[in-house]
1. Which residue, Ile101, Gly26, Tyr246, has the largest displacement toward the positive end of the dipole of the chain when charges sit on each Cβ (Lys, Arg +1; Asp, Glu -1)?
2. Using only the heavy atoms of the protein chains and a 1.4 Å probe, how would Met114, Met252, Met180 rank by accessible area, largest first?
3. Using the Cα centre as the reference, give the magnitude of the dipole from point charges on the C-beta atoms of the chain (Lys, Arg: +1; Asp, Glu: -1; all else neutral), rounded to the nearest 20 debye.
4. Under 10 Å, Cα contacts only: if you run a Gaussian network model on the chain, which one of Phe157, Phe44, Phe93 comes out with the highest mean-square fluctuation?
5. Quick check: pseudo-label points 7 Å beyond the Cα along Cα→Cβ at Glu242 and Val147, how many nm apart are they?
6. Counting alpha carbon pairs within less than 8 Å and at least 6 residues apart, what relative contact order, in whole percent, applies to the chain?
7. Using the reciprocal of the averaged 1/r over all distinct C-alpha pairs, how large is the Kirkwood radius of the chain in Å?
8. Longer than 27 Å from Cα to Cα, which of Lys82/Lys125; Lys52/Lys175; Lys175/Lys239; Lys190/Lys239; Lys82/Lys212 are they? Say none if no pair is.
Amino acid sequence: MEKDMFSYLTNDHITQLASALDVVPGMRVLDLGSGSGSYLPAIFAELDGAGKVTAVDRSERALSDIREQYPEAIERGSLECKAADIAAHPLPFEDNFFDRILCQNVIECVADRMGLINECYRLLKPGGKLLISHHDFDTAVYNSSEVELTRQLVHGFADTTQDWQDNSDGQIGRKLSGLMAASYFGGPEKRGTILIEEYEYSPRAYGYNYSKWATDIAMKTGELPIGDLRNWLRDLEIKASERNYYFSICLMAALGTKSR
């Protein structure tokens, strides 16, 4: 019987993903497409002072942010930052090098997605695990008075390749299990969905930022009146003030294990 990755309840999806990766002290972990390092604290907690994390990103600015946040970890050799384009193969590591690989919210930007997953297979030691996860942007749900406009904004955001992206796929989350099945891994050992729910509309909330991203894209395309977009945002604020705000989005993940 297939195991459920997320059979326990918690709102902290970062902790959930780190736990699903099954990191133990002493391991070498690759954070592939690490950005500014949002998942590093959870990985460090699992390593418990023993092991090493390599953070890889093509953005030197993102890696500089990580270096500024974790100078002591870098000094003691438990963290390495490496600039590399994850879409370019092979990646600058030996075969059978890592015990665990995390790739979160990155694969939609890569044209050769199967190539990336198979490259992770090469990098893993026998028995090593890859956890690949992504928000499925087309699953965003708002409690809004403007039902049709909400649909247009969500689909518009999911269907748009932004200037900083090489590629995009707003429905990539629901495709991860199939990609893993067609790869060298031969299928996911585990797969699951985290439903992220929010009842607060503020800059620290994901739904707040999603609403800004979606309206910014709509403003750039000029397909929707600016006044309608502003009224949509205002409606969310009003619902929040009346304690009637709701946002949710699905985060899908697939875990593959390299054969021994």
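The values are calculated or read from the model by the stated rules, or taken from the named source; none is laboratory data. Please read these numbers as outputs of a predicted model, since none were measured by experiment. Positions of Cβ are generated from backbone atoms using ideal geometry, with glycine treated the same way; all protein chains shown enter the neighbour counts. Heavy atoms of the whole protein, side chains included, go into the accessibility calculation; ligands, DNA and RNA do not. Shrake-Rupley method; radii C 1.70, N 1.55, O 1.52, S 1.80 Å.
1. Gly26
2. Putting Met114, Met252, Met180 in descending order of accessible area: Met114, Met252, Met180.
3. 600
4. Fluctuation is largest for Phe93.
5. The answer from the label model is 1.6 nm.
6. 21
7. 19.4
8. Lys52/Lys175; Lys175/Lys239; Lys190/Lys239; Lys82/Lys212
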